[in-house]
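Below is one structure, written out as structure tokens; the observations come after it.
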Amino acid sequence: MNSTTVRNLLVRGMLAGLGAGLLALVVAYFLGEPHVDSAIGFEEAHSHEHEMEVVSRSVQSTAGLATGVLVYGVAFGGIAALAFCFAMGRVGRFSPRATALLLSGCALLTVYVVPFLKYPANPPSVGDPDTIGRRTGLYFLMMLLSVLLAIAATLLGKRLAPRLGTWWATVLAVAAFAVVIGLAYAFLPVINEVPKEFPATLLWQYRLSALAIQTVLWGGFGLLFGELAERLIHPKSAESVAERAVPAAH
């Protein structure tokens, strides 16, 4: 790809990230925030210390939430667009739409799901404030390992494909990824700071909502960016598909 195409894809990736961020924001507000409020209520009911809020809860759940989700969507959209530029044509003979969906699915898996299974998201009132640095470091270490191992598994699959075929090369690459990730799960420290009296149902619902937000974000990005990339790279084919989808006027 030339520099103009890469720049155009980068802009489209950021726009797609913004659109996906808006979808994720709706899910976060209606699905995630009620669980956050419940967790804060639990914390206030069981804490004897009352700290003054620097930012009110109403601002946190509206403007603060919107800023965080949308900035996250735009930033990761730009990074994913650059990754798309590298992956297009190198991971198989996929169309831009299929490549974007494949890339977003892999990003969801490696950047969020794999670290999440080892160090799942916790609501307010869960976790010792003195260990937040250690917990954050371990989470990002797990994320880095997941991304690097996914890249290594992709390279392994491409190297094995000429001898074993695409199917078995993919199976072996995925198995190797799973084995090494399993070893990382086994050897990295376990963190369990959930209070015994914290409601298990609330914890489960909060974690499901966190997973749902990321799924909507990356799924929405894959669909939006795939369409934008298809129209940029293959404008004639995208136009012909659109024309066939609209019935001819009589």
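The values are calculated or read from the model by the stated rules, or taken from the named source; none is laboratory data. The structure presented is a predicted model; accordingly, all values stated were derived computationally and were not measured. Virtual Cβ from ideal backbone geometry, glycine too; neighbours counted across all protein chains shown. Each accessible area value is taken on the protein alone, full model and side chains, heavy atoms only, with ligands, DNA and RNA left out. Shrake-Rupley method; radii C 1.70, N 1.55, O 1.52, S 1.80 Å.
Here is how the numbers come out for the structure above:
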quantity: Distance from segment 79-106 to segment 142-218 (C-alpha centre basis), Å; calculated: 19
quantity: Kirkwood-based shape ratio for the chain, expressed as Rg/Rh from alpha carbons; calculated: 1.04
quantity: Largest-first principal axis extents, alpha carbons of segment 186-228, Å; calculated: 48, 28, 10
quantity: Probe 1.4 Å, protein heavy atoms only - accessible area per residue of the chain in square angstrom; calculated: 60
quantity: Peptides 120-132, 217-229 ordered by average Cβ neighbours within 10 Å, highest first; calculated: 217-229, 120-132
quantity: Rotationally averaged projected area of segment 80-171 (alpha carbon convex hull; nm²); calculated: 7.3
quantity: Viscosity 1.002 mPa s, temperature 20 °C, Stokes-Einstein D of segment 130-193 from Kirkwood C-alpha radius, µm²/s; calculated: 163
quantity: Sulfur and carbon atoms: percent of accessible area, the chain [1.4 Å]; calculated: 69
